[in-house]
Structures are given as structure tokens and as C-alpha cells.
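Beneath this line is the structure, given in C-alpha cells, with notes to follow.
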Amino acid sequence: LICNNATTSDNAVTAFWYALYSGINRANMFLENIDKVNGFDAGVKEQYIAEARFLRAWFYYCLLRQYGPCVLLGDEVLPGDLDRDDVKMNLPRSSYDECVDFIEEEFRKAADMLPDYWGDIQYGRAIRATALAYRARLLLYAASPLVNGNTEFYSDFVNKDGTHLINQTYDKEKWKRAMEAAMDAINCVETSETT
């Protein structure tokens, strides 16, 4: 869907942004409180933690892809009654590379905990290969000259303190990192237990 005269304050744009940060906050809330719940089987608890980590990584991945460098909340849970002038509502963006590093680590941690296969009736749930594939795609995007040393378009894309949001120095090692992540995903699929 292409809308003429769309702006960043349009409902479709803000609803997507809100939904992603709401999902991140809910995942953070879940991860903060899961240890307070009694009666969980250890395996089920690990499964839920893995899925929450995967979802948090995927929400950030969508934010980064859609809006570029974004605000990283880490594990912090934001209360629902924050005033728009609250300091926590006005955090600076993290750089593109900081976002990539955080998201990549979350996908990797989720992959370490997710199963190879959920079973015939649970299609659509994240598995180890899903987390590794998104991790590989994230690192491929990060290696692209669009955000890897792009001084032509992003030399003045900075935070209020002058911090560059897009790395200004090309790094060919990012391609190697992306290739290795892609091989991890391929190897996972080739060696996974699917039954």
C-alpha cells in the first residue's frame, strides 16, 4: 500500500511504531517476571523465555528496518503512564551498529534455546533456524554500503550530542560476519531434527 502525502505522524506509521515498542515492553515485562511465577516446568519456562527473546529481537529488527537507528530499551520495562516529557520518553537513538549488535545477540540467544522443530500442529512458531535466518539477514543489511560507511547520505545524521547514527567508516569485515551467520543458518537447517 502506497499512500501519497504520508508523513511520519500518520496513523499507519505511528500505529506500527507503537505496536513494535509495545511488544518490546511486553517481552521485557515477561522476562522480568517469569521467575516470580511458580509451577512452571523448567522446559516450558525455557521455551517461553526463548520465544520472548526471539519476539523482542524481531520487534527491534522491524523497527531498525523500517525507521533506521532506534531507541534500545535493553531489559527495562516502561510504565504505561509515562508523560511525553518524561526523560524515559525522550531517550536518544542508539547508532545503527549498536542496534545491530543488540538484535544479533538476542537472535543468537534465542537460537541457543529454541528447538529445531515444534511438531506437526505448531507451524508458525519460531524455531532455531528462524532466529538464525533473521540474524543472518540483519547482518547482511548491516554490511550493505547503504549503512556501512555511507558518508554521502549520512554524514549529518547525528544525535543531538553529535554522535553519528550511521558508521562513517566502511568495514569489509561486516560481510564476513554476515557470511558466517548465513552459514550458521544453513548448517542449522541441514542438521536439524525435524521429526
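The values are calculated or read from the model by the stated rules, or taken from the named source; none is laboratory data. These numbers come from a predicted model, not from an experiment. With ideal geometry, Cβ positions are generated from the backbone for all residues, glycine too; neighbour counts draw on all protein chains shown. Heads up: the accessible areas ignore ligands, DNA and RNA and are worked out on the full protein's heavy atoms, side chains in. Shrake-Rupley method; radii C 1.70, N 1.55, O 1.52, S 1.80 Å.
Taking region 28-41 on its own, how many of its residues are open to solvent by 80 Å² or more (accessible area, probe 1.4 Å) and either within 16 Å of L114 (Cα to Cα) or not polar (S, T, N, Q) (or both)? So that I can check it myself, show each step before the final result.
The initial filter retains those residues of region 28-41 that are open to solvent by 80 Å² or more (accessible area, probe 1.4 Å), namely 29, 32, 35-36, 38-39, 41.
Right, trim to either within 16 Å of L114 (Cα to Cα) or not polar (S, T, N, Q) (or both) and you get 29, 32, 35-36, 39, 41.
Going through region 28-41 one residue at a time, the tally reaches 6.
Within region 137-149, is even one residue under 25 Å from A42 (Cβ atoms) and among the hydrophobic types (A, V, I, L, M, F, W, C)?
The first filter runs over region 137-149 and keeps only residues under 25 Å from A42 (Cβ atoms), leaving none.
No; the residues of region 137-149 include none that is under 25 Å from A42 (Cβ atoms) and among the hydrophobic types (A, V, I, L, M, F, W, C).
Which residues, taken from region 105-141, are closer than 14 Å to A50 by Cα, of a type outside the set (A, V, I, L, M, F, W, C) and assigned to a helix (DSSP H, G or I)? Full working, then the answer.
Let us first name the residues in region 105-141 that are closer than 14 Å to A50 by Cα, namely 105-118, 125-132.
Right, trim to of a type outside the set (A, V, I, L, M, F, W, C) and you get 105-106, 108-109, 112, 115-117, 125, 128, 130.
Matches in region 105-141: E105, E106, R108, K109, D112, R128, T130.
Return the residue satisfying two criteria in turn: it lies in region 144-195 and is outside any helix (DSSP H, G or I), within 20 Å of D101 (Cα to Cα) and among the charged types (D, E, K, R), and of such residues it is least open to solvent (accessible area, probe 1.4 Å). Reasoning before the result, please.
In the first step, residues of region 144-195 are kept if they are outside any helix (DSSP H, G or I); the result is 144-150, 155-172, 192-195.
Keeping just the survivors that are within 20 Å of D101 (Cα to Cα) gives 144-150, 157-159, 163-172.
Remaining after also requiring among the charged types (D, E, K, R): 171-172.
Working: D171: 57, K172: 143 Å².
Out of the qualifying residues, it is D171.
Which pairs do you get when a residue that is open to solvent by 40 Å² or more (accessible area, probe 1.4 Å), found in region 108-133, comes within reach of a residue that is modelled with pLDDT under 95 and of a type in the set (S, T, Y), reach meaning Cβ atoms under 8 angstrom, with the pair 6+ apart or on two chains?
Correct list of pairs: Y117/S192; Y117/T194; Y117/T195; I127/Y117; I127/S192; R128/S192.
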